[in-house]
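First comes the structure, then the notes that go with it.
The values are calculated or read from the model by the stated rules, or taken from the named source; none is laboratory data. Since the structure is predicted, the reported quantities are computational estimates derived from the model, not experimental observations. So basically every Cβ, Gly included, is an ideal-geometry build from the backbone, and we count neighbours across all protein chains shown. SASA here: full protein model, heavy atoms, side chains in, ligands and nucleic acids out. Shrake-Rupley method; radii C 1.70, N 1.55, O 1.52, S 1.80 Å.
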Amino acid sequence: NRILEEKKKLLGMELDDDEEDYQKELEAKKNASKLLRPLTEEESQIVKDAVHGIGPPSDTMAQINNDIVVRESMNRLQPRQWLNDEVIHYFLLMLSKRDETLKKERSHFFKSYFMTKLLNEGHASLDGKYEYRNVKRWSKKVPGKDLFALNKVLFPINQGNAHWVCAVIYMKDKRIQMYDSLGGSGKMYLEYLFQYLQDEHLDKKKIPLPGKDEWKLVPTQNDTPRQENGFDCGVFTCMFADFLSNDCPLLFTQEHITQCRERIALSIMKGSALID
């Protein structure tokens with residue numbers, strides 16, 4: 001492909017749109033394959049010690065400011081274990097560190113508490129009721145302090161303490177999309193996130209969301225990777241955030257999940273998500 005491009009340049013020809021798209025697709029797949037690379041011997045030992053090591057369950061294994069991961073949570077990265085919010089939140093923090101390092105168009109990773117607060121989940125009388133004021137200050141911590149200047153905004157969502165999914169707002173594309181490894185549409189969450197965007201724009205910009213009718217709410221697509229058991233949803237959610245925030249196609253499958261668990265563990269122990 002590089003030879004073809006060079007030949008065309010010599011002939012004064014430009015690559016047509018189809019060829020440019022093909023080149024971008026190849027590059028994206030190349031980046032995705034890097035994310036699934038085998039670990040080195042040293043990295044494998046780090047993962048083994050962190051995930052299978054013996055010690056007090058409350059031992060702090062990693063910490064940044066007030067965010068910590070204890071040994072008991074790291075043990076959940078062993079095969080066939082359901083991930084808790086401590087692991088998922090910390091891994092998304094590692095993705096944020098990588099995002100900052102790459103110095104590209106920034107993304108932001110909210111914690112699952114965002115949706116819990118937005119919908120008053122667990123509240124005795126208001127459970128499930130949308131309430132923007134509960135989260136109106138959350139965007140003050142996003143890069144640049146402007147949610148609408150970001151590239152993507154990612155939301156891990158814990159459905160009734162039984163299933164993890166991931167929703168993504170693509171700001172430039174004016175799209176909100178759900179990624180559910182069990183194939184659920186996520187329609188309710190998409191609608192609530194769109195309402196949140198409208199309320200956020202009105203609150204911060206003092207005008208209604210421009211081009212409101214141009215936004216698309218996209219449910220989980222048929223090509224979204226699927227889990228084949230009842231305990232890997234948290235790993236899939238982490239990988240959705242990992243790949244999508246790095247502009248990579250979702251090329252992983254259930255067969256890669258043990259490898260993905262190791263990737264999460266290594267990222268946590270090294271203090272940043274892996275770049276390659």
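Out of residues 5 or more away from residue 39 or on other chains, whose amide H comes under 5 Å of its own, with H placed 1.01 Å from N in the peptide plane?
Sorted by chain and number, the residues that satisfy this come to none at all.
How much length, in nm to one decimal, is gained on full extension between residue 270 and residue 204, taken as 0.36 nm per residue of separation minus their Cα-Cα distance? Let's see the in-between values first.
Working: separation 66, 0.36 × 66 = 23.76 nm, distance 3.62 nm.
Fully extending the segment from residue 270 to residue 204 adds 20.1 nm.
Where does the charge balance sit around residue 211 when Lys and Arg score +1, Asp and Glu -1, over other residues with C-beta under 14 Å from its C-beta?
Details: positive: 172, 174, 175, 205, 212, 216; negative: 173, 213, 214.
Computed value for this residue: +3.
Whole-Å semi-axes of segment 200-261's equivalent ellipsoid, largest first, each the root of 5 times a Cα gyration tensor eigenvalue? Walk me through the numbers before you get to the answer.
Values: eigenvalues 219, 34, 25 Å².
Sorted largest first and rounded, they come to 33, 13, 11 Å.
Can you give the net charge of the other residues whose Cβ lies under 11 Å from the Cβ of residue 160, counting K and R as +1 and D and E as -1?
-2
Taking amide hydrogens as modeled 1.01 Å from N in the peptide plane, which residues meet the under 5 Å criterion relative to residue 175, leaving out close sequence neighbours?
For residue 175, the qualifying residues are 170, 216.
Quick one: which of 117/152; 141/174; 48/141; 104/174; 48/136; 129/174 span more than 30 angstrom between C-alpha atoms? If you can, show how the numbers build up before the last one.
Numbers: 117/152 21 Å; 141/174 22 Å; 48/141 34 Å; 104/174 19 Å; 48/136 41 Å; 129/174 25 Å.
48/141; 48/136, as the Cα separations exceed 30 Å there.
Enter the accessible area of residue 106 (Å², nearest 10), with the probe set to 1.4 Å and all protein chains included.
60 Å²
How big is segment 55-211 by the Kirkwood estimate over distinct Cα pairs, in Å?
Working: mean 1/r = 0.0589 Å⁻¹.
After inverting the pairwise mean of 1/r, the radius is 17.0 Å.
State, to one decimal in nm², a quarter of the convex hull surface area for the C-alpha atoms of segment 106-173, i.e. the direction-averaged projected area.
Numbers: hull surface 19.2 nm².
Reported value for the Cα convex hull: 4.8 nm².
Just by accessible area at a 1.4 angstrom probe, what is the order of 58, 181 from largest to smallest?
Of 58, 181, the descending order of accessible area is 58, 181.
Find the all-direction average of the projected area of the Cα convex hull for segment 64-157, expressing the result in square nanometres with one decimal place.
Numbers: hull surface 31.2 nm².
Over all viewing directions, segment 64-157 projects a mean Cα-hull area of 7.8 nm².
What is the Rg over Rh value, at two decimals, for segment 138-240, using alpha-carbon atoms and the Kirkwood definition of Rh?
Details: Rg = 14.5 Å, Rh = 14.5 Å.
Rg/Rh: 1.00.
In the chain, what percentage of the DSSP-assigned beta bridges are antiparallel, given to the nearest 5?
Details: 17 of 23 bridges.
Taking every DSSP beta bridge with both residues in the chain, the antiparallel ones total about 75 percent.
Could you give the radius of gyration (one decimal) and Dmax (whole number) of the Cα atoms in segment 43-109, in Å?
13.3, 41
Once Lys and Arg get +1 and Asp and Glu get -1 on their Cβ, which of 217, 178, 195 lies farthest toward the positive end of the dipole of the chain?
Checked the options; the winner is 195.
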